[in-house]
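Below is one structure, written out as structure tokens; comments come after it.
The values are calculated or read from the model by the stated rules, or taken from the named source; none is laboratory data. Since the structure is predicted, the reported quantities are computational estimates derived from the model, not experimental observations. FYI the Cβ positions are ideal-geometry reconstructions off the backbone, even for glycines, and counts take in every protein chain you see.
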Amino acid sequence: MWWCVTDEALLTENNKLAVNDASLHRYAATQLLDKADEYVNSLDYELARKFCQRALEAEPENVRALETLGFVELQSGDYERARHVFFFAVGNFMPYALLN
């Protein structure tokens with residue numbers, strides 16, 4: 001996927017403990033996104049982006065993760081990447097929404 005990170009470490013709250021991919025699976029996307037929201041609120045968009053990307057690795061069509069990642073990209077000034085994230089979200093979910 002285009003949002004995957006090559007970095008193998010996911011920083012914890014104290015930014016010191018690295019979690020490898022095998023142990024990452026115990027974290028739910030919701031927990032990762034809660035942490036991403038904390039980093040967004042503290043204006044640390046780089047860490048917020050990493051948590052969103054990990055959540056999307058676990059659940060590639062998670063709307064909350066896509067929305068948060070798009071917002072992070074906007075705030076970071078990467079408008080083209082934000083556009084891709086939002087188009088991906090709209091392209092995957094809009095047809096379903098129109099049917100219901």
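Summary of computed values
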read-out: Residue, surrounded by the fewest Cβ atoms within 10 Å (Cβ to Cβ), within region 10-53, restricted to residues that are among the charged types (D, E, K, R), part of a helix (DSSP H, G or I) and modelled with pLDDT of 95 or more; value: Glu46
read-out: Scope region 67-87; condition hydrophobic (A, V, I, L, M, F, W, C) and more than 22 Å from Thr30 (Cβ to Cβ); matching residues; value: Leu74, Ala82, Phe87
